[in-house]
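Have a look at the structure below, then the notes.
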Amino acid sequence: MKIIPRVVRKWFTEAHHFTGAIIESERIGSRIQRVRIGLPENIKAPFPLGSYVTALTWDCVPRCYSTAKSDDHSFTLLVSFSGGGCGARFFRDTSVGTKVLFYGPFDDFPYRSGTGRPKVFFATSTGIAPFRMMLEEAIKEGAHSTIYLGSPKESDIAFKNEFEDLAQKYPGLVTFNPVLSNGDPSWRGARGYVTDYVPKNAESIKESDIYICGIPPMTLGVLSALEDIGMPKKQVFVQKFG
Ligand SMILES: Cc1cc2nc3c(=O)[nH]c(=O)nc-3n(C[C@H](O)[C@H](O)[C@H](O)COP(=O)(O)OP(=O)(O)OC[C@H]3O[C@@H](n4cnc5c(N)ncnc54)[C@H](O)[C@@H]3O)c2cc1C
């Protein structure tokens with residue numbers, strides 16, 4: 001029993017950490033807060049693709065968030081409200097200027113460059129975060145990318161304009177497929193769940209590198225659909241939110 005406090009104390013004092021200040025905070029639809037954090041001078045940035053940080057919310061509750069954007073002076077997170085827990089409430093209710101302690105960045109979901117295969121990104125809601133920067137990397141190396149992003153409504157899609165602009169600018173390289181589970185009658189795009197698109201595109205998916213990010217029911221659903229089509233496991237990379 002004694003070992004647990006010792007391990008926790010060691011992690012909290014010795015893991016790489018820094019204090020960042022919230023410099024922008026914006027609501028996206030009904031479920032997401034986009035938060036931009038300013039970095040202190042001594043922090044090595046930009047953060048690696050696919051990295052995440054652990055925020056010490058309310059000064060005592062750690063919550064992990066993937067880095068959606070990162071430059072020399074700041075990084076951006078997408079925080080989901082869907083669960084309504086303390087991490088969600090912290091970033092929803094905390095004002096610009098507040099300082100927050102972060103651990104990381106932790107780098108366990110890298111982009112695999114140079115495989116020669118197209119990329120297919122599966123996400124729901126804030127699971128799109130790591131794919132915002134990976135998409136730019138895929139464009140740089142000339143790999144075709146397809147994004148399947150599940151959201152309840154059109155207004156809940158994070159980075160919608162940016163993905164649409166990239167798809168328009170690089171028509172041979174970027175395909176953006178938002179999939180709505182509860183779209184308004186006026187929605188003309190895809191409906192249903194991202195898992196539906198695995199059997200529909202089985203042959204092209206098997207030739208691709210697959211990246212999956214989001215809450216466990218979604219990641220497990222996509223993994224199971226991939227298994228059903230005989231997807232080679234070495235081409236599948238996952239970041240599970242829990
Ligand atoms: C490596 C890693 C990266 C992560 N990146 C992100 C990220 O970029 N954005 C993000 O919002 N979350 C991310 N998460 C999940 C995040 O750390 C929190 O667990 C989650 O946001 C819920 O925290 P909470 O305090 O708001 O709710 P909690 O009190 O912890 O949970 C309340 C309820 O919410 C459900 N829930 C948990 N996660 C989610 C979610 N993402 N969406 C909807 N319901 C959820 C739980 O099952 C639970 O029922 C990540 C987790 C990991 C491990």
Being assigned by TED's automatic domain parsing to the domain that holds Gly38 and modelled with pLDDT under 95 narrows it down to one residue among Val79, Val100, Val61, Val96; which is it? Val61
Scan region 26-55 for residues that are part of a loop (DSSP other than H, G, I, E, B), within 14 Å of the ligand (Cβ to nearest atom) and polar (S, T, N, Q) and report the count. 2
Is there a residue in region 151-164 that is at pLDDT 95 or above, closer than 25 Å to Ser113 by Cβ and open to solvent by 70 Å² or more (accessible area, probe 1.4 Å)? yes
Answer yes if at least one residue in region 114-124 is on the phi > 0 side of the Ramachandran plot, away from the ligand (no atom under 13 Å from the Cβ) and either more than 16 Å from the chain's Cα centre (by Cα) or open to solvent by 70 Å² or more (accessible area, probe 1.4 Å) (or both), and no otherwise. yes
Out of region 190-232, which residues are out of contact with any helix residue (DSSP H, G or I) (no Cβ under 8 Å at 6 or more places or on another chain), in a loop (DSSP other than H, G, I, E, B) and small (Gly, Ala, Ser)? Gly192
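Please note which strands (runs of 3 or more DSSP E) are completely contained in region 59-176 and include at least 1 residues that are of a type in the set (S, T, N, Q) and under 21 Å from Val198 (Cα atoms). Even if it seems obvious, please write down each step before you answer.
Details: elements: 61-70, 74-80, 99-106, 119-124, 145-151.
Fully inside region 59-176 and qualifying: 119-124, 145-151.
Filter region 192-242 for residues that are at positive phi and more than 16 Å from the ligand (Cβ to nearest atom); which is most open to solvent (accessible area, probe 1.4 Å)? Working first, answer last.
Kept after step one, since they are at positive phi, are these residues of region 192-242: 192, 214, 230, 242.
The next check asks that each one be more than 16 Å from the ligand (Cβ to nearest atom); those that pass are 192, 230.
Details: Gly192: 20, Gly230: 50 Å².
If we take residues in region 192-242 being at positive phi and more than 16 Å from the ligand (Cβ to nearest atom), then Gly230 is most open to solvent (accessible area, probe 1.4 Å).
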For region 171-191, give me each residue that is buried (at least 16 other Cβ atoms within 10 Å of the Cβ) and touching a Phe, Trp or Tyr at 6+ places or on another chain (Cβ under 9 Å). Val174, Phe176, Asn177, Pro178, Val179, Leu180, Ala190
How many residues does region 77-113 contain that are among the hydroxyl-bearing types (Ser, Thr, Tyr), surrounded by 21 or more Cβ atoms within 10 Å (Cβ to Cβ) and either within 15 Å of the ligand (Cβ to nearest atom) or within 25 Å of Asp59 (Cα to Cα) (or both)? 1
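The values are calculated or read from the model by the stated rules, or taken from the named source; none is laboratory data. Note that the structure is predicted; figures quoted are calculated from it, not measured. All Cβ positions, glycine included, derive from the backbone under ideal geometry; neighbour counts span all protein chains shown. Note: areas computed on protein heavy atoms with side chains; ligands, DNA, RNA excluded. Shrake-Rupley method; radii C 1.70, N 1.55, O 1.52, S 1.80 Å.
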